[in-house]
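Enquirer: Provided herewith is a single structure, encoded as structure tokens, for subsequent inquiry.
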């Protein structure tokens, strides 16, 4: 078991990893030592775990470090910097132990990327399969060697439209983007996006792992039975997710301030978009309208979509959410109907009342 587990912890640079493996305990606090884990959980069938199993996995992870950020419905970030000395292991050793316990206690496997910041850890997890664990050494030359050949859409927030724009300038890899002057990138994609792209192409991410994320977000995911090309089915899946999130928000007397859409493609890449709602709400039509706008902003043409996920963020108590007076009888009627539907769902189950377009079984 031990020899197999050790071989599973693949590294991005054999030479650098050999140096890291021989580091002294004091070197574990060096600035480039990998200490952030991006964990993506999967059941034996390859599907995302259910809500109860996911909570159990988060509890298991919290036994290794209190610095855990949930990324519903199936992932998490963990900063294990403060746990290395306690467990007498490096981050790769903790990842192996986490995987064994997840399988034994929850029946779930996981793919783990390990790096010096959340951005790099997420990319390491993306590149890990078919191995379960990929360690990215934190030394700048190792990071550059790892990032340089990756496509732009490997980065958080770079979708097909932005990637296509970059490609027209020959910027088809992160290495080429990293070698491009900041001002040039800003002229191509805009000032803010250019600055972010310039930093991320170099592996720079000052974002900390933020604990206690579950209290601030709800998430839902739809996985298609096959790689889906039909935009109408993409929208239908989003409608079902918004109905689910809206029902859960209202049941919990919460309102969301923003939505994050994640689209997973057949080639294992993904695109993420986040946008604030005009006002915090748990109203399903308002969530759906924003979800549709997020999907449209990706400019998908013939994309083969494997799954879509929505995350409602910035949750606040519903009573604290201010609602603008629209003087719209149709809106008031829709909210009254929604309240009646919620009562029916509470009594007869979540599928007792559904939009007409969801009356047939989803693809």
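The values are calculated or read from the model by the stated rules, or taken from the named source; none is laboratory data. If you're wondering where the values come from, they're calculated on a predicted model, not measured in any experiment. As a convention, Cβ positions derive from the backbone with ideal geometry for all residues, glycine included, and neighbour counts pool all protein chains shown.
Enquirer: Please list, ordered by residue number, the helices (runs of 4 or more DSSP H) wholly in the stretch 159-267 having 1 or more residues that are within 30 Å of residue 320 (Cα to Cα).
Expert: 231-251
Enquirer: Related question: Of the residues in the stretch 163-206, how many are farther than 15 Å from residue 152 by Cβ and surrounded by 18 or more Cβ atoms within 10 Å (Cβ to Cβ)?
Expert: So the count comes out to 1.
Enquirer: Taking the options 128, 161, name whichever one is in the same structural domain as residue 112 (by TED's automatic domain parsing) and in contact (Cβ under 8 Å) with a residue 40 or more places away in the chain.
Expert: 128
Enquirer: A further question on this structure: If the Cβ limit is 7 Å and pairs must be 6+ apart or interchain, which residue in the stretch 251-273 that is at positive phi and outside the structural domain of residue 119 (by TED's automatic domain parsing) pairs with which residue that is modelled with pLDDT of 90 or more and not in a loop (DSSP other than H, G, I, E, B)?
Expert: Pairs found: 268/126.
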